[in-house]
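In what follows, a single structure is set out as structure tokens and then discussed.
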Amino acid sequence: MHFEESDRLKNIPPYLFAEIDEIINKKQEKGIDVISLGIGDPDIPTNTNIIKSLCREAKNPQNHRYSSSYGMSIFKEAVSKFYKKRFNVDLDPDKEIISVLGSKEGIANIAYTFINPGDYTLIPDPSYLVYKIGSSFAGGIPYAMPLKEENDFLIDFEKIKEDVAIKTKIIYVSYPNNPTSASCDINFFKELVSFAKKYNIITCHDNAYSDIYSDDNDKPTSFLNADGSKEVGIEFNSLSKTFNMTGWRVGYAVGNCEIIKSLGKYKTNVDSGIFKAIQYAAVEALNNYEEYVKYNNVIYNKRRKMVRELLERIGIDYYKSDKTIYVWSKVPDGFTSKTFAKMLLDKADIVVTPGSAFGSFGEGYFRISLTISDDRLEEAMDRIQKVIL
Ligand SMILES: *Cc1c(COP(=O)(O)O)cnc(C)c1O
């Protein structure tokens, strides 16, 4: 028997790095010590207070039943308090906040909530792949917005063609950015708001890396800090990177109440909310974010510094940013993203993510992730140095 996949699934662009994955598997089967700098998943354990809160709440039978797709009030109130304290943004917990099962879920489902087949979506290139694939699943036509280094990897709104903008339903934006690590300031968000207003476009800002930075005087802002942002869009945020909780599947969307309500209407039909004990644990995290964020950033800053020093020593260029858990680096002359990644794997048993995995404008770069222990990271950088110099 053969069961044909749906067209939408079959039409996903082919996975470019199957070949690299196969080499990794073969090496690991032979017992070779492969170090991966490829994965954007924090290695730092979730704080014990957060875990204690989960364990306590897991014992309460009241928490074992279905929860709402919109999220518990106590969770949404904690998000509201966090946004006030962290970003000075006011949010109505009932109308302007919804829980999501990780922002990936929300990002994928916002497309089903608003896209009709044939609608255009604006997608940064390079970017997190869920924007493009999520919107394609819903029948949208993704239109790439190139992010270029000469422009600090910001979107150039003037380059978006008028006839595309007119047909666009959703624009996806994310700063601080994965994979480039670039960030933006409030003026960029203001430009985004006026672009979205002009063409009546739903704006989805993904702020997954809002709390990974080195300079307390230069923290990432929220899209909702821009005047008029709530008229045009929402912001996704997540506990995954901020609190080392990727496996917990808890995030939220905040902003325009109509968009939030519609997303909830869609979600009630496909999920039944987040385990209540997890929402209580998320409240503990959000209420004490300053302590947890500080702890993470000390670790990431040290690792970022180590990686940057080594890259400088061996003459590999990288984009200078102190945000996110990535160092976006230039592939040396004579290589493509893919051949360089393959060379590192062949000769040094090191995995990096080729920039082209994130879109064609990622070509010429590779991404180093700071989510492995200091000593493994040091070992990895040592091995890279040996094959480059
Ligand atoms: C990691 C990441 C997320 C977070 O996803 P979750 O589903 O909340 O774990 C969202 N956006 C980007 C760009 C990311 O890199």
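Quick one: check the C-alpha center-to-center distance for the stretch 133-173 versus the stretch 312-389, whole angstrom. Cα centres, the stretch 133-173 to the stretch 312-389: 27 Å. Each eigenvalue of the Cα gyration tensor of the stretch 48-287, multiplied by 5 and square-rooted, gives one semi-axis; in descending order these are 30, 20, 15 Å. DSSP finds beta bridges in the stretch 48-287, and of those with both partners inside it, around 35 percent are antiparallel. The calculated FRET efficiency for the pair LYS59 and LYS81, based on their C-beta separation and a Förster distance of 35 Å, comes to about 0.85.
Among the listed pairs LYS85/LYS261; LYS267/LYS323; LYS132/LYS338; LYS132/LYS261; LYS104/LYS219; LYS159/LYS261, a Cα-Cα separation exceeding 28 Å is found for LYS267/LYS323; LYS159/LYS261. The value of relative contact order for the chain, using C-alpha pairs under 8 Å at least six residues apart, is 24 percent.
Taking 7 Å steps out from each Cα toward its Cβ at SER360 and ASP215 produces label points 3.5 nm apart. Under a model in which nothing but the beta-carbon of Lys, Arg (+1) and Asp, Glu (-1) is charged, the stretch 198-318 shows a dipole of about 380 debye around its Cα centre. Each 5 Å bin from zero holds the following percent of Cα-Cα pairs in the stretch 270-370: 2, 11, 16, 18, 13, 10, 10, 10, 8, 3, 0.
For the stretch 255-321, trypsin sites (Lys or Arg not before Pro) meeting the loop criterion (DSSP other than H, G, I, E, B) and having at most 16 other Cβ atoms within 10 Å: LYS320.
Note on GLN385 and LYS161: their simple-model spin labels are 4.9 nm apart, each label 7 Å out from Cα toward Cβ. Membrane-span-like helices in the chain, defined purely by DSSP H runs whose alpha carbon atoms cover 18 Å or more axially and whose average Kyte-Doolittle hydropathy reaches -1.0, are 73-87, 186-199, 374-388.
Residue separation of ASP375 and ILE44 scaled by 0.36 nm, minus their Cα-Cα distance, works out to 117.8 nm of gained length.
Placing +1 on the Cβ of every Lys and Arg and -1 on the Cβ of every Asp and Glu, with nothing else charged, gives the chain a dipole about its Cα centre of roughly 760 debye. You can think of it this way: the chain between HIS2 and GLU149 has 48.3 nm of extra reach, that is 0.36 nm per residue less the Cα-Cα gap. Since only PHE137, ASN177, PHE157 are under comparison, the one whose Cα sits farthest along the positive direction of the charge dipole of the stretch 135-185, derived from C-beta charges on Lys, Arg, Asp and Glu, is PHE137. GLY255: net charge of surrounding residues, Cβ under 11 Å, Lys/Arg +1, Asp/Glu -1, itself excluded? Summing Lys/Arg as +1 and Asp/Glu as -1 gives -3. For the listed peptides 50-61, 170-181, a ranking on the average number of other beta carbons within 10 Å per residue, highest first, reads 170-181, 50-61. Among the trypsin sites (Lys or Arg not before Pro) found in the stretch 110-185, those both in a DSSP coil and sparsely packed, with 14 or fewer other Cβ atoms within 10 Å of their Cβ, are LYS148, LYS161.
All of the numbers you see were taken from the coordinates with simple rules; none came from a lab. Values in this document were obtained by computation on a predicted structure and should not be read as measured data. Glycine gets a Cβ as well: all are built from the backbone with ideal geometry, and neighbour counts include every protein chain shown.
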